[in-house]
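Taking it in order: structure first as structure tokens, then the write-up.
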Ligand code: GLN
């Protein structure tokens, strides 16, 4: 196994046992990026020099011994960042030409935390501009390709992060999920994606899309790695008033405790039985979980509700890019951003506010209440991530409504502010990955990890890797 193919947990073990150094691990990731990035387009910026320098520093720190290592939980681990995370001195584009040359003067809180935990920042990954999209095709720097079949989309908007993790260009990557942008690409690329509870992870320094929906998470090769990353990124931040002062437990601690007696709900509105293999449901039953049919009656309004609230907030957040303070001219906004600015401005304008925005906010409350009621009966809810398998590049790009409809199963978690863990659950007949999500009440990440972990260990779907055609080395 090559070093870049390791999971975070495996790499931490290897580094601890001094089987290899962080410099070697980082070099292996960079070699993989050099081999495949031109074709996959997962990275907008690769930080080769900076990463190697950081890796060298972590190797020096590691020589101080294990007691020291314990305090720096990700020491030497190469992580990629979605290019929506502000990074001091590293270009941050948001996937848009508007910020093509923007150099942030500070690090996002999550970046600060990852660095303090010893992570090596390997580069900035591609995304739909501003996070607007479900396929990765809206990037101003060209679409990311699905590593399983390059004619297909990798899912968006965290397209580059998903493709980079799936192809072992890094050990883990950050993402943002406003309406599915971590879970959709994770499931289209066969990796694990966590959208935490709203407010569990600070949004400070992340280029805002829709502030009441934006959740900051990550994409990893395993559920255990997702827990390891959340251990570092979660917690209160004085720069973000939506992060509660609430203890961050060690999310890996109970991950192997089993799921006996856990009640899993199958919402009839999500077509779970048609979309998820009945053998998967049986797996949970065999592990001792109880399966219960439930209803989330307002699901049918979720896409309409989301596509009013989200553009309203987008129109407000993008107003700061007026070409005066920073960023380039407004004419560099792409079609999708313009569409959302116009839609959002319209629904917030006098005379239309009550009919659209206020109504959508009322529906949002009903959707949230659906979940609150459901969680009185069940501990978690099982659902598909996407109504379809990955589609061919270009097939939905000209039809925004079609694209929006692909978010039907993901936007509800954002509207309700609840966490959701996406895990690989098989392949379509074309051989493309499919994912399912486990949704829980607010701050139930520990339970989600437990369930995801057992499903992952029982099925082993996550171990399947895309075949990457490698150009012959040394001629
Ligand atoms: N696909 C959704 C949208 O375009 C979600 C995007 C996201 O989560 N950033 O709004």
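If you wrap the Cα atoms of region 13-104 in a convex hull and average its projected area over all directions, you get 6.7 nm². Reported to the nearest whole Å, the Cα centre-to-centre distance from region 311-390 to region 242-296 is 27. Within region 252-300, the ratio Rg/Rh, alpha carbon atoms throughout and Rh by Kirkwood, equals 1.05.
Placing a label point 7 Å from the Cα of residue 359 along the Cα-to-Cβ line, the residues of region 297-339 whose backbone N sits under 17 Å from it are 298-312. For region 154-197, the alpha-carbon coordinates run over 26, 17, 13 Å along the three principal axes, in decreasing order.
At the listed q of 0.12, 0.25 Å⁻¹, the Debye profile of region 415-475, built from one uniform point per Cα, gives log10 I(q)/I(0) equal to -0.44, -1.02.
Translational diffusion of region 384-441, estimated by Stokes-Einstein from the Kirkwood radius over alpha carbon pairs at 37 °C in a medium of 0.692 mPa s, is 260 µm² per second.
For region 288-414, the Cα gyration tensor yields ellipsoid semi-axes of 32, 20, 13 Å (square root of five times each eigenvalue, largest first, whole Å). Note on the chain: Cα Rg divided by 2.2 N^0.38 Å, N the number of residues, gives 0.91. So what is the diffusion coefficient of region 1-62 in µm² per second by Stokes-Einstein at 4 °C and 1.567 mPa s, using a Kirkwood Rh over Cα pairs? The Stokes-Einstein estimate is 105 µm²/s. From the alpha carbon centroid of region 408-475 to that of region 145-176 is 12 Å.
Judged by the mean number of other Cβ atoms found within 10 Å, the most tightly packed of the peptides 2-11, 148-157, 131-140 leads the ranking 131-140, 148-157, 2-11. Note on region 108-153: the C-alpha convex hull projects to 4.4 nm² when averaged across all orientations.
The listed peptides 426-433, 297-304, 63-70, 79-86, ordered by packing as a protection proxy, come out as 79-86, 297-304, 426-433, 63-70 (highest mean of other Cβ atoms within 10 Å first). Sorting the segments 217-230, 237-250 by their residues' average number of neighbouring beta-carbon atoms within 10 angstrom, most packed first, yields 217-230, 237-250. Helical content of the chain, expressed as a calculated mean residue ellipticity at 222 nm, amounts to -11000 deg cm²/dmol (DSSP H runs of 4 or more residues, -39,500 (n - 2.57) each, divided by residue number, nearest 500).
In this calculation the C-beta distance from residue 61 to residue 331 is compared with R0 = 60 Å, giving a FRET efficiency of 0.80. Normalising by residue count, region 163-306 has a Cα convex hull of 148 Å³ per residue.
Each 5 Å bin from 0 upward holds the following percent of the Cα-Cα pairs of region 68-157: 3, 15, 20, 19, 17, 14, 8, 4, 1, 0. Using 0.36 nm per residue and subtracting the Cα-Cα separation, the extra length available between residue 150 and residue 268 on full extension is 39.1 nm.
Taking every DSSP bridge with both residues inside the chain, close to 70 percent are antiparallel.
Once the mean of 1/r is taken over each pair of separate Cα atoms and inverted, region 339-468 shows a Kirkwood hydrodynamic radius of 17.3 Å. Its residues counted as N, region 151-236 yields a C-alpha radius of gyration over 2.2 N^0.38 Å of 1.00. With only Cα atoms counted, region 245-354 has Rg and Dmax values of 22.3, 61 Å.
Each value in this text was obtained by applying a stated rule to the coordinates, not by laboratory testing. Given the structure is predicted, the values throughout are model-derived calculations rather than measurements. No Cβ is skipped: glycine too gets one built from the backbone with ideal geometry, and neighbour counts run over all protein chains shown.
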